[in-house]
1. What number comes out for the charge environment of TYR321, summing +1 per Lys or Arg and -1 per Asp or Glu over other residues with Cβ under 15 Å away?
2. With springs only between Cα atoms under 10 Å, which of ILE59, ILE287, ILE142 fluctuates most in a Gaussian network model of the chain?
3. Whole number in Å², please: accessible area per residue of the chain, 1.4 Å probe, ligands, DNA and RNA not counted.
4. Just TRP229, TRP191, TRP279 to compare: in a GNM of the chain, with alpha carbon springs under 10 Å, which one fluctuates most?
5. Please compute the volume of the convex hull spanned by the alpha-carbon atoms of the range 163-209 and report it per residue in Å³.
6. With angles folded into 0 to 90 degrees, how steeply does helix 281-290 sit against the dominant principal axis of the chain? Use alpha carbons for both and round to 10.
7. Mind pulling the angle between the C-alpha long axis of helix 240-253 and the longest principal axis of the chain? Nearest 10 degrees, somewhere in 0 to 90.
8. With respect to the cross-link table entries LYS68/LYS244; LYS112/LYS244; LYS148/LYS189; LYS152/LYS358; LYS172/LYS357, which display a Cα-Cα separation exceeding 28 Å?
Amino acid sequence: MKKILFINGLIFFIFSFSPLFAKGKQDIEEIPNENVEFAIKPDEEIIEKPLEPQYKLKIPEGNPVEVKESWGYVMAGRESEFNSSMPVTDVCYFSAEINSYGELTSIPTRSKLKVGNARCHLVVVCDSRTLTHFILDPDFGIRSKLLKDIVKAGQAYDGVQIDFELVPARDKKNFINFISDLRYMLGEKKWFSVCVPARFRLLSDDIYPYAEIAKYCDRVFVMAYDEHWSGSAPGAIASIDFCKKVAEYAQNSIPEKKLIMGLPFYGRTWANETTAGAWYFSGANRIMTEHSVTDVTYEDEIPTFKYTAQIEVTGFFNDAYSDVKLARLYEGMGIKKIGFWRIGQEDPEFWNWLVIKK
């Protein structure tokens, strides 16, 4: 999907490009109210007016997809995006975090999320490579207390999930030992799951060896998305071919009972030109020359300029049709457990095509 946008570029000031689609796990900020336009009344009151789509999307055909388990992520602060009538067996409450001192913080309040008959799992994340090393290496004296704090926080939940996506290569053994110890400390009655990135094969010195991790988990959540990301060339978040390869490797490495294949609900956009940035003097002059800038003004003695640029934006996203296709791929491969990043980003039509069958 392509769309031509015209923007005003103002070098030396921050240029902000609002994404057309919800963000994925690798993206940092969340943009609320992405699907509205603002209209100004005579009294200057700002109101939100829903946009009318000019396009048509495909609708799935055939029978709904049958699964034994479906796992959906819910963001703390966005609890209203989840409805207990959704066909979801397991809710992953995202997330408790680890601060710069190795302490467990921002633990979601379990009572804020009404999950009905679904199980609820506390997700623990660590989004820093350096901090991940700090908490995994026993020499720093942080690991033991953090494990106890996770167990304590998990008492209010049916299970705990570890989502450490930046484990340093040299901490592979420490990571495996960490999840092994956490499994033991949680006890057999508490569910324990671990998120792993998409793989086609076992890498040399793989930090996330599927088979080894699966030994210590009730479930392994394979994040079969981010085939293309914000820093890559434009492309599908999770293509059929990509997901098939990931699923084939996962099936050969993870017991069927423990395997969950993740699907993306989100999309991304890419622009063919980026106007934000810091510039050399020569670079700023080149940009001005290329765009035929003739007027440089001085504000508080600082030169500034404006120009209008034409930007081509390419977007890839997921709707009910594409997500049902992925779900059917897994169903056809005999995979009976799927999960979603994340609830609130989905095409609502998708829920009409999913059935829980015990």
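1. Result for the neighbourhood of TYR321: -2.
2. So, out of ILE59, ILE287, ILE142, the one fluctuating most is ILE287.
3. Here the residues of the chain average 54 Å² of exposed surface.
4. TRP279
5. Convex hull of Cα atoms, per residue: 80 Å³.
6. 70
7. 30
8. Among LYS68/LYS244; LYS112/LYS244; LYS148/LYS189; LYS152/LYS358; LYS172/LYS357, the Cα-Cα distance tops 28 Å for LYS112/LYS244; LYS152/LYS358; LYS172/LYS357.
The values are calculated or read from the model by the stated rules, or taken from the named source; none is laboratory data. All values derive from a computational prediction rather than experimental measurement. Heads up, the Cβs are rebuilt from the backbone with ideal geometry, glycines too, and the neighbour counts pull from every protein chain shown. Calculation scope for accessible area: heavy atoms of the full protein, side chains included, ligands and nucleic acids excluded. Shrake-Rupley method; radii C 1.70, N 1.55, O 1.52, S 1.80 Å.
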